[in-house]
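These notes are about the structure you will find just below.
What follows draws every value from the coordinates through simple rules; no lab data is involved. Note that the structure is predicted; figures quoted are calculated from it, not measured. Ideal geometry is used to build each Cβ from the backbone, glycine not excepted, and the neighbour counts take in all protein chains shown.
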Amino acid sequence: RVLRVARQPLTEGKAGRALWSLRDVTQQKLVEQARDQFIDTATHELRTPLSNIRAYSETLATGDVVDLEAVKEFCTIINSEATRLGRFVDDLLTISSLEVGALTIERHNVMVDRLLSEAAMKAKPLMEQKQIEFEVQAPAKPIEMKLDKDKIAAAITNLLGNAAKYTPEGGHVSLKATAQGGELRIAVADTGLGIGEDEHTRVFEKFFRSADERVRDTTGTGLGLPLAREVARLHDGDITLESKIGQGSTFTLTLPIG
Ligand code: ADP
């Protein structure tokens, strides 16, 4: 657990020095944790798919696999591992462009209900796989907004993907959009694992993944939420979280209208 220390440390005397060094230790701990998490994820998300691709292609190259169905299955595995690798590399590149201030958005006119139904369609198979009840609600009136459609769609898809991933079979997920007070609110709610109060801020940090075993058992990079929040902020919006451990989570993407 990371120690919390005063933001305005005493600068004089022993107590002040102690506070400063405590702050340094805390800072160092956070840096170390972030580094460990990065190494963990990079190892897993780069090495695992690469070694699978190597193993399956080597086996195919021997010419010993003659059964057509087996060959097809091996090729499908190679393809999906390459896709997983590609996704991680894309996320890494996006996070790097964010770091150097090169992540930009291109706004176009977008109908909100269309954006939602496309994201819902994409997420539907994930929900079906786990028999998750999936509810979608568009805003009462049609709304047109100037948005970077691809980036906002990717952010919503990420929230829905997480909801599916971190909700056990037979749960419930909803995607609801409402327009109020000059703001569009897109809420993704699930009845999944939930997130403890101590992790509410941390889930938006790069590479952060909960220590919960059920999270560790799923694949992930810890890049989805930080990227989604950044995209929201580039649109002068934000992503907020309400969650109780064991009860579920609601991530709300807010965007100013007009
Ligand atoms: P990833 O899902 O690839 O690990 P994200 O950045 O999307 O990365 O999420 C970071 C972490 O936040 C997850 O590893 C998980 O611990 C937590 N999290 C995100 N969405 C949910 C959710 N809907 N329910 C429970 N935990 C979640």
Loop only per DSSP, at most 16 neighbouring Cβ atoms within 10 Å: give me the GluC sites (Glu not before Pro) in the stretch 45-108, ordered by residue number. GLU106
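Between rounded, prolate and oblate, where does the stretch 28-88 land on the alpha carbon gyration tensor, with a ≥ b ≥ c its root eigenvalues, rounded for a/c under 1.5, else prolate if a/b exceeds b/c?
Taking the square roots of the gyration eigenvalues as a ≥ b ≥ c, the stretch 28-88 is prolate.
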Rounded if a/c under 1.5, otherwise prolate or oblate - the chain, Cα gyration tensor axes: oblate
Could you tell me whether the stretch 54-163 comes out rounded, prolate or oblate from its Cα gyration tensor? Rule is a ≥ b ≥ c as square roots of the eigenvalues, rounded for a/c under 1.5, then prolate if a/b exceeds b/c, otherwise oblate. oblate
